[in-house]
1. If I model a spin label at A:Arg104 and A:Leu68 as a point 7 Å from the Cα along the Cα→Cβ vector, what separation in nanometres do I get?
2. Along the charge dipole of chain A, which of A:Ala164, A:Ala18, A:Pro212 sits closest to the positive end, that is, farthest toward it, with unit charges on the beta carbon of Lys, Arg, Asp and Glu (+1, +1, -1, -1)?
3. Take the alpha carbon gyration tensor of the protein assembly as shown, find the square roots of its eigenvalues, order them as a ≥ b ≥ c, and report rounded if a/c is under 1.5; if not, report prolate when a/b exceeds b/c, else oblate.
4. If you take each beta carbon of peptide B:94-100 and count the beta carbons of other chains within 10 angstrom, what is the mean?
5. So the label point goes 7 Å from the Cα of A:Ile183 along Cα→C-beta, right? Which residues of the range B:71-88 then have their backbone N under 15 Å from it?
6. Angle check, please: helix B:136-149 long axis (alpha carbons) against the longest principal axis of chain B (alpha carbons), in degrees 0 to 90, nearest 10.
7. Relative contact order for chain A: what percent, with Cα pairs under 8 Å and sequence separation of 6 or more?
8. Give me the angle, in degrees from 0 to 90, between the Cα long axis of helix B:166-183 and the longest principal axis of the Cα atoms of chain B, rounded to the nearest 10.
Amino acid sequence: MQRRVTFDNRLLPYLLLAPQVAVTLVFFIWPAAQAIWQSVHLQDAFGIRSEFVWFENFTHVLSDPNYLDTLKVTVVFSVAVTVLAMGVALLLAVLADSKIKGARAYKTLLIWPYALAPAVAAVLWMFIFNPDIGSFGRALRALGYDWDYRLNGGQALAMVIMAASWKQVSYNFIFFLAGLQAIPRSVMEAASIDGAGPVRRFLTITFPLLSPTTFFLLVVDMVYAFFETFGTIHALTQGGPGKATETLIFRVYQDGVVNNDLGGSSAQSVILMVIVIALTAVQFRFVERKVHYA
Amino acid sequence: MATVEIRNVRKSYGPVEAIKGIDIAIRDGEFLVLLGPSGCGKSTLLRMVAGLEGITGGEIAIGGRVVNHLDPKDRDIAMVFQNYALYPHMTVFDNMAYGLKIRGIPKAEIRTRVDKAAEILELGRFLDRRPSQLSGGQRQRVAMGRAIVREPAAFLFDEPLSNLDAKLRTQMRVEIKRLQDRLGITSLYVTHDQVEAMTLADRILVMNHGVAEQIGTPLEVYQRPASLFVAGFIGSPPMNVLDGRIDDRGEAVLVPGGQRLALPQPRPTDAGRAVKLGIRPEHLAVAAAGFSIEIELVEALGADTVVYGRLPDGETLLVRMAGIPTVRERDRLTVAPQDGALHLFDAATGRRME
Ligand SMILES: Nc1ncnc2c1ncn2[C@@H]1O[C@H](COP(=O)(O)OP(=O)(O)O)[C@@H](O)[C@H]1O
Ligand SMILES: [Mg+2]
C-alpha cells in the first residue's frame, strides 16, 4: 500500500527539505566543488593569484613515488581496520547475544568508546602505549621487548590500526547485536535439532542471516577508515615515524595545511573521493549480490 | 520409530515450578496430544523431550534410551514449531535437505527423500522458492517436510497450526492426521485447542499448572473427565457445573433449586456429602419435569442451537439442542438430564467421584 502525503502549501515541502539540503550544500557539495576547482589551479604562495593548469596537479601527485607508498599504507590500514573492527565487534556481539550474566552492563560498556572524540581516544591510547609513561608500553619494555612506536614504523602502524579499529568496534557491535537479536530463536533451535553444532550454526545460519548488516558495516567502515581516522592518526603519530602511518587523508592535510600546496592537496582529495566512490560502487555491485535480505 | 517415556519429570525456573512431576509412556506409533490452557507448561515439557530445555528432575527415554543429557541432535527427533522456524535464506529444497546433509546422507538419497516428502505434501512446485515467497499454509507444510525427511524416532509439534486461519487449520489438521496414519511415527503434539486434541489424538494428556489432570483417549476424557478442570476444558459449550448435596439415603443429588436427581447407583457411603454436579449441555433435553429455566439467549449455530437459561436461584444453565431454534428468548422451558449423564465431583478437591 502506498500513501501519498499532500501539502496544501506549495512552499512547505521545500521548507522542510531545506535544512538537509543546506547541510549537504555547506558541508559536502561546496567543499567538494572547491576542491575540484582548486585541483586544476595553481596558487601562488600567498594565495592571491591562481592560474588554471589543467591536470598538472594530478600528474604531479601521481608521479610522486611517495604517493604510492602512502596509497599502500592506506590500503593496509583500511583493510586491517575494517577487518579488525568488524571481526572483534562480531565476536563480542555473539558473546553478548548468548545468555550470560551481566549482559546489560557489558553492552553498555562496549558502546561507550563510540561517544569518545577521536583525539581524546588517541590520548587515552598514548597513555597506555607510550614507551616512557604508558602503562602497557612500559610493561612491554620491562619484558625486554623493544617497544617504541615513535621510532618503529611497523609498531606505529599497528598501534594506529588498533586505535582506529577500537573506536569503530562499538558502532559495529550495536548493529551486529541488533542483527543477531533479530534472528528468531526457534530458527537456531531448529538447526540444532537438525544436527548442526554451534560452529556450523554460525556459518550456515547466523552469518548468512547477518549479511545485510555485514554489508552495510563493510561500506561504513571502509569510508570510516579512509576519511574519519584523521584525528586518531594526527593525535597519535602525525603520520610518522617517517611516513609509516601517513594515509591518503592525512597526506591531504599535510600537503595542504602544513606544506601549503593547495593545488596538490586538492588533487589528492579529489582522487580520494573517486577511490571511495569507486569502492562503494564495487561493493554494491558485487558484494551485495550475495546478501540475503529477509 | 520408538516409545517415549517421561518419568516423574520436573522443571523449575528458579523458585517457580513449571512442571510438577509428569508421568506418561507414549507407545510406539502413538499420537499423544498435550492439551491445556496457555502457560500450563506444555511447551516446556515438549522442549525438554527435544533437548532444548534442561530437565530439573526425573527421566526422559526415547526408544528405551535415557536422553536427559543428550544434545537435541542426538535424540533422533524432529520438531515442528508454531512460527515454522524455516531457514529464511534457503530454498524449500535446502530447508528440507539441511538436516540430511549434516548427517552425511548421500546426495542422491537426499534428492529422493525430499522429492518424496514434497510429493506427499504437494510442495513439488515450490522446491526452488524461498520461505518468504510462500503462504502460511505452505510454510507449515515445508516445516512438516523438514521433519518427515529425517525419518526420526519421534515427531514433536508445538502448536503447529496456531498461526493459520480457521479454514486452513481444519485442512492442515486433517493432513497431519493422514500423514501420521501413513507414517506411523510416534508423535507428541502440543495444543490449547480441544478440537485439535479430540480429532488428532490416540490419547490426550490434559495439563493444568504443570500437572497431568488426566490421561486417556479422547472419548474417555469426554465421557469420564477426571476432574472439574478437565470437564470444563473439554467440550464446547462447556459442561454445566452446579453445587449439590447427596441426600441422606445416598440415592439422589439435591440441587439448590429444590431439584432431586436420582443417582444411577445408590452411594450410601457418600450420604450427605457436598458435591459438584456436572451435566453437559448436549445431555439436557426438554422434559415434563426437571430444571425450570428462563431463556436469556438463543445462539443458532445452524446444525444445532445453544440455549442460555437461568435457573430460579440465578445460576446459568446451558442446553444444546439439535437443529434450528424452536424456542425464543424469555420463554420458559423445563429440561432434564438424560440417563447416565450426571458427573459427580468432590466439592473440595474437584476430583471425579467414581
Ligand atoms: N525461560 C523461562 N523462564 C522462566 N519461566 C518460564 C520460562 N519458560 C517458560 N516459563 C514459565 O513456565 C510456564 C509454562 O510455560 P510454557 O511451557 O511456555 O506454557 P504453554 O506452552 O503451556 O503455554 C509459564 O508460566 C511460563 O511463564
Ligand atoms: Mg506454548
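Values in this text are rule-based calculations from the coordinates and carry no lab data. Because the structure is a prediction, the values reported are computed rather than measured. Quick reminder, even Gly has a Cβ in these numbers, built from the backbone with ideal geometry, and neighbours come from all protein chains shown.
1. 5.8 nm
2. Among A:Ala164, A:Ala18, A:Pro212, the one farthest towards the positive end of the dipole of chain A is A:Pro212.
3. Prolate, because a/c is 1.5 or more and a/b exceeds b/c.
4. Partner-chain Cβ atoms within 10 Å, mean over residues of B:94-100: 3.
5. B:85-88
6. With rounding to tens, the tilt is 60 degrees.
7. Numbers: 308 pairs, mean separation 78.9, N = 294.
This gives 27 percent for chain A.
8. Helix B:166-183 sits at roughly 70 degrees to that axis.
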